[in-house]
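This report refers to the structure that appears directly beneath it.
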Amino acid sequence: MVEPSDPGLLDPDRQALLGVLMRHRVAFVLIGGAAIQSHGRRYDTQDIDLTPDTDPDNLIRLAGALNELGCRLVTDPADTASWVALPPDYFTPRSLLAASVWNLATRHGLLDLSFTPTGFSGGYSDLAPGATQRPVAETTIVVPVAALEDVNESKRQADRPKDREYFRQAETQ
């Protein structure tokens, strides 16, 4: 763990969410907006995105962490009443692999798991070699963070309005 550059910017929920994953020794690479922030760039995000290692032992650890986090399935981000509460022991390695993406609400905030992030069909195995150990923005926790070039490539390929806005703003900085 490291000291945050500005302790006033510490996000206790982000810290707690990542802390559970670390305590369970889940192998993953941080991707998405939090990865961009962890590279020192501006990006507005409300969640943590990661791509987990699909090694069977890691999936057991990930399932344990998710079950501890009290997850709900996010069906419509704008309608929290539609989110589906999952049973306490819902996650297993088998259930995790039943979907390529999981959009979850945990007791510590939003968590998106992507086994095949846009542009990286191999997920963890594609992104881990270029990842570097970095403190996650707004935390004291150090994790493997996808290379900024890889995150940007994924966002270019996803081509969502918020990604296009990110690139427009980046050009002016």
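Side notes on the structure shown:
- Per-residue ³J(HN,Hα) for segment 109-116, Karplus 6.51 cos²θ - 1.76 cosθ + 1.60, θ = phi - 60°, Hz, x for Gly and Pro: x, 7, 9, 10, 9, 10, 6, 9
- Neighbourhood net charge (15 Å Cβ-Cβ; Lys/Arg +1, Asp/Glu -1) for Gly19: +1
- Using θ = phi - 60° in the Karplus curve 6.51 cos²θ - 1.76 cosθ + 1.60, the 3J(HN,Hα) couplings for segment 120-126 round to 9, 4, x, x, 3, 5, 6 Hz; x is entered for Gly and Pro.
- Sum of side-chain charges, Gly119 neighbourhood, beta-carbon under 15 Å (Lys, Arg +1; Asp, Glu -1): -4
- Of Val29, Val20, Val136, the one that fluctuates the most in a GNM where the chain has Cα springs shorter than 10 Å: Val20
- Residue with peak Gaussian network fluctuation, the chain [Cα springs, cutoff 10 Å], from Leu148, Leu86, Leu111: Leu86
- Whole-Å distance, taken between Cα centres, linking segment 52-71 and segment 97-125: 12
- Computed 3J(HN,Hα) for segment 24-41, one whole-Hz value per residue from the Karplus formula 6.51 cos²θ - 1.76 cosθ + 1.60 where θ = phi - 60°, is 7, 6, 6, 8, 7, 10, 6, 10, x, x, 5, 5, 4, 4, 5, 8, x, 9, glycine and proline marked x.
- At q = 0.13, 0.15, 0.16, 0.25 Å⁻¹, base-10 log of I(q)/I(0) for segment 1-100 (Debye sum, equal scatterers on each alpha carbon): -0.55, -0.73, -0.83, -1.48
- Modelled FRET efficiency - R0 41 Å, Asp159 with Leu9, Cβ distances, 0.05 increments: 0.85
- Under-5 Å amide H pairs with Gly109, H placed in peptide plane, nonlocal only: none
- Shown for Thr106, Thr54, Thr75: other C-beta atoms within 10 Å of each C-beta, ranked fewest to most, produce the order Thr75, Thr54, Thr106.
- Overall form of segment 14-173 per C-alpha gyration tensor (a/c, 1.5; a/b vs b/c): prolate
- Net +/- balance of residues flanking Leu104 in space, Cβ distance below 13 Å, scoring K and R +1, D and E -1: -2
Bear in mind that the values in this text are calculations on the coordinates, not laboratory data. Treat the numbers as computed from the prediction; the structure is a model and nothing was measured. Here the Cβ is made from the backbone with ideal geometry for all residues, glycine too, and neighbour counts use every protein chain on show.
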